[in-house]
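Everything on this sheet refers to the single structure shown next.
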Amino acid sequence: MPWAPEASASRPGAAGGAGSPSGSNRDWLDRGSRVIPGGVSSPVRSFRSVGGSPYVVASGEGAFVVDVEGRRYLDYVQSWGATLLGHAAPPVVDAVCTAARLGTTFGAPTPGEVLLAEEIVRRVDGCEKVRFVSSGTEAAMTAVRLARGVTGRERVVKFAGCYHGHSDGLLAGGGSGVATLGLPGSAGVPSSAVAATVVAPYNVVPELDERVACVIVEPYAANMGLVPPLPGFLDGLRGACDAAGALLVFDEVITGFRLAYGGAVEVCGVHPDLWCFGKVIGGGLPVGAVGGSAALMDVLAPDGPVYQAGTLSGNPLATAAGLAALRAVDAAAYADLGARVGKFATALAEALGRSGHPVQVPVAGPLVGISFAAEPVTDFDGAQAAAATGLYAPLFHAMLERGIALAPSPYEVLFPGFAHTDADFDRTVALASEVAAELAA
Ligand SMILES: *Cc1c(COP(=O)(O)O)cnc(C)c1O
């Protein structure tokens, strides 16, 4: 049936429509699996690394999601960090509705993208211009192309366990879903595409030479659990890049405007040459951005020779949502959230310790990791060893049964945000304590 405004307005959530709440999780997954590979639009959602079958989300509100069977979960996934204010946050919903009424995409410049770019540039010291794309993957691709274009070099150094999206050249040694599925990279990536990618261990400053165009790093690694930089690592990278004439790229797709009001630079004090943003800056809609000094960014087309483009780039809905999310919280609110989450992480570590297994609950700003390890994890080998204990999956399922949705993989982090209350944290700790006692038995 063709779309008709009266029909769609009078039949919200009609049976079989998008987000229809009828049918079980299993029904929707089976139905999805017939038309979508694995029934999922991104592999980690399949629960393959923890076993079982995923809940299918009908709706979300604040810190909670509700599945199609009507079960409510306190959600620490938060779209893998994209929803800073929680789900369906009123300022974001209002901004999206207002923008949608004015038209959803034009293929022309819009005020919305200017306002969001100004907001980012105002907050991140040294970032003078940004170019919007539609995902974090594209942001990292563009940063690498720009670095190669600027330096005339090919080599890219990345770190094992860091994830920079699913582009050919950056999948090698990736964290997140690549690690979850135990893939060395991916079938379908020609060796020529990764020939210029060098994978180094995280938290060790690699030796660089004049063949290196850029070093790309998650300043606080959050795709192999949470692995903060050791003192001297990021400074060391800055020095090594300067000495070799290579660019330093911070992939802040997770940390940007989640770790702190000004992103990772505000916390670590090290300034990269280029930034990648995504997730939070779209307020829960698809967006990404690459940023840097005006001199570097002007090497992009149309002013410079490095080509880059996108039909939906700078999309009015996404930029409106992102701006609304960013403007809703000030620096003091970030400090308050960080302090609350710090207490939560301490209590969670104590609760999980009741399992009798060594466990680490690292925290950076409001980012929280859970690793079953005796010592703090500092690199991908450590993250893999912690995952290999097999303790995360039973924790995950026992928490899910109690209505707490952690990430369905030991390589991801928890994303408590501005919608999570102290009562939510207390309940999580109480239930984690119960589960830990069960794991010990
Ligand atoms: C999620 C993520 C990406 C990829 O972003 P997409 O929007 O999923 O393409 C890149 N880098 C980091 C650090 C990420 O966490």
Segments 426-435, 74-83, 188-197 sorted - mean Cβ within 10 Å per residue, highest first: 74-83, 426-435, 188-197
GNM top mover of LEU296, LEU326, LEU406 - the chain, alpha-carbon springs below 10 Å: LEU296
Antiparallel bridges, percent of DSSP beta bridges restricted to the chain (to nearest 5): 55 percent
Kyte-Doolittle at least 0.0, axis length at least 30 Å by Cα - qualifying DSSP helices, the chain: 331-353
Dipole-positive endmost among TRP28, LEU406, LEU230 within the chain (Cβ charges, Cα centre): TRP28
Mean Cβ count within 10 Å, highest first, over the residues of peptides 26-35, 313-322: 313-322, 26-35
Net charge dipole size for the chain [Lys, Arg +1 and Asp, Glu -1 on Cβ; Debye, nearest 20]: 820 debye
Segment 77-133 versus segment 353-410: alpha-carbon centroid distance in Å: 32 Å
Pairwise label distance in nanometres, GLU118 with LEU439, each label 7 Å out on the Cα-Cβ vector: 4.8 nm
Relative contact order %, segment 101-206, counting alpha carbon pairs below 8 Å whose residues are six or more apart: 21 percent
Peptides 277-288, 113-124 ordered by average Cβ neighbours within 10 Å, highest first: 277-288, 113-124
For the chain: accessible area per residue (Å², 1.4 Å): 42 Å²
Equivalent ellipsoid, the chain (semi-axes from 5 times Cα gyration tensor eigenvalues, Å): 32, 29, 21
Surface share of carbon and sulfur [accessible, 1.4 angstrom probe, percent] for segment 90-327: 58 percent
Extension reserve of the PHE106-THR346 stretch, reckoned as 0.36 nm per residue once the Cα distance is removed: 81.6 nm
If the convex hull is drawn through the Cα atoms of segment 90-327, its volume per residue in Å³: 122 Å³
Computed [θ] at 222 nm, helices only, for the chain once each DSSP H run of length n ≥ 4 contributes -39500 (n - 2.57): -11000 deg cm²/dmol
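The values are calculated or read from the model by the stated rules, or taken from the named source; none is laboratory data. Note that the structure is a prediction, hence the values are computed from the model and not measured. So basically every Cβ, Gly included, is an ideal-geometry build from the backbone, and we count neighbours across all protein chains shown. SASA here: full protein model, heavy atoms, side chains in, ligands and nucleic acids out. Shrake-Rupley method; radii C 1.70, N 1.55, O 1.52, S 1.80 Å.
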